[in-house]
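Peer 1: Could you have a look at this structure, given as structure tokens, before my questions?
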Amino acid sequence: MEIIPSVLAKNEEELAEIKKKLDFYSGPLHIDIGDGQFVSTITVGREEIERAFLRQLLDVHLMVSNPGDVIPLWMDIPNLRTIIFHIESTDKAPEIIDTVIKGNAKLAGVAINPETDLSTLNYVINMADVVHVMTVHPGDYGGKFLPAAVSKIRDIRAKHPTIKISVDGGINKDNIGLLAKVGVSACVVGSAILQSDNPEQEFKNLSI
């Protein structure tokens, strides 16, 4: 199971602090982008992220209300691996995946919020490379893990045994073992690493 540190920065000062804490790490990063509408948080944008992380693969999680308009602005970042957008934010998910994301040879991730019924994904899940299950309400670091999401993960894995499932929110050493058991492919971890006194050691602890 992959452990991917997350980056959620509201300004360049926060971004610099996160970057410093992740100096030990050279693997893929999960970049959270908020527009102040779909989520209340407004984050730094593409230019700041591109300057900060030139050499690491990036999974960009767009917590925005107009993903079809925003996604093209990120597509030509050379180290972009995956674009993740929310199923709740658009009724044009198939078009976004097919023409915008896969048309540019990137991986497509569809995120689903804790309160959203899994059936909402039915019309698009077979097109996605990743289902990104939110285990907190999105927008800020430090939310409490919502255990009800575990049944949602089990359901996805049972119906779609080969799809990548990433999980995001409130993940720590107390619940990461359970997530591995129910078939999670990747855990996105923010506060457990970045608010630790020793981010590198905490990352290693989670990776065991």
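The values are calculated or read from the model by the stated rules, or taken from the named source; none is laboratory data. Values in this document were obtained by computation on a predicted structure and should not be read as measured data. Every residue, glycine among them, receives a Cβ derived from its backbone with ideal geometry; neighbour counts consider all protein chains shown.
Peer 1: Among the residues of the range 45-67, which ones are part of a loop (DSSP other than H, G, I, E, B) and more than 24 Å from Glu2 (Cβ to Cβ)?
Peer 2: Result: Gly45, Val64, Ser65, Asn66.
Peer 1: Also, I was wondering about something else. Under the condition of being on the phi < 0 side of the Ramachandran plot and among the small types (Gly, Ala, Ser), which residue from the range 109-149 is modelled with the lowest pLDDT?
Peer 2: Only one residue tops the list, namely Gly143.
Peer 1: Sticking with this one: Read through the list (1) touching a residue at least 24 places away in the same chain (Cβ under 8 Å); (2) within 23 Å of Gly36 (Cα to Cα); (3) surrounded by fewer than 14 Cβ atoms within 10 Å (Cβ to Cβ), then give the number of the only condition that Tyr123 fails.
Peer 2: (2)
Peer 1: Further, regarding this structure: Just one of the numbered conditions (1) in contact with a His (Cβ under 9 Å, 6 or more places away or on another chain); (2) farther than 21 Å from Val7 by Cβ is not true of Gly109; which one?
Peer 2: Evaluating Gly109 over (1) in contact with a His (Cβ under 9 Å, 6 or more places away or on another chain); (2) farther than 21 Å from Val7 by Cβ leaves (2) as the failure.
Peer 1: Shifting gears a bit: Condition (residue is surrounded by 17 or more Cβ atoms within 10 Å (Cβ to Cβ) and under 20 Å from Ile33 (Cα atoms)) applied to the range 170-177: is it met by at least one residue?
Peer 2: yes
Peer 1: In the range 177-208, which residue that is touching a residue at least 12 places away in the same chain (Cβ under 8 Å) and more than 27 Å from Leu15 (Cα to Cα) is nearest to the chain's Cα centre (by Cα)?
Peer 2: Among them, the one singled out is Val184.
Peer 1: Then there's this: Take the residues in the range 154-176 that are of a type in the set (A, V, I, L, M, F, W, C) and either within 15 Å of the chain's Cα centre (by Cα) or assigned to a loop (DSSP other than H, G, I, E, B) (or both); name whichever of them is nearest to Val188 (Cα to Cα).
Peer 2: Of everything passing the filter in the range 154-176, Val167 is nearest to Val188 (Cα to Cα).
Peer 1: Now a separate question. Just name the residue that is surrounded by the fewest Cβ atoms within 10 Å (Cβ to Cβ) out of those in the range 53-71 that are in contact with a helix residue (DSSP H, G or I) (Cβ under 9 Å, 6 or more places away or on another chain) and closer than 16 Å to Arg81 by Cβ. Lay out the reasoning, then the answer.
Peer 2: Going residue by residue through the range 53-71, those that are in contact with a helix residue (DSSP H, G or I) (Cβ under 9 Å, 6 or more places away or on another chain) are 53, 58, 60, 62-68, 71.
Adding the requirement that they be closer than 16 Å to Arg81 by Cβ leaves 53, 58, 60, 62, 71.
On the way: Phe53: 19, Leu58: 21, Val60: 25, Leu62: 24, Ile71: 22.
Here the residue is Phe53.
Peer 1: What's the number of the condition Asp76 fails, among (1) at pLDDT below 95; (2) part of a helix (DSSP H, G or I)?
Peer 2: Condition not satisfied by Asp76: (2).
Peer 1: Filter the range 139-153 for residues that are of a type in the set (A, V, I, L, M) and outside any helix (DSSP H, G or I) and give the result.
Peer 2: Leu146, Ala148
Peer 1: Then there's this: Which of the residues spanning the range 79-101 are assigned to a helix (DSSP H, G or I) and under 18 Å from the mean Cα position of the chain (by Cα)?
Peer 2: Ile87, Glu88, Ser89, Ala93, Ile96, Ile97, Ile101
Peer 1: Exactly one condition in (1) without any contact (Cβ under 8 Å) to a residue 40 or more places away in the chain; (2) within 22 Å of Asp32 (Cβ to Cβ); (3) in contact with a Phe, Trp or Tyr (Cβ under 9 Å, 6 or more places away or on another chain) is false for Pro138; which is it?
Peer 2: Status for Pro138: all satisfied but (1).
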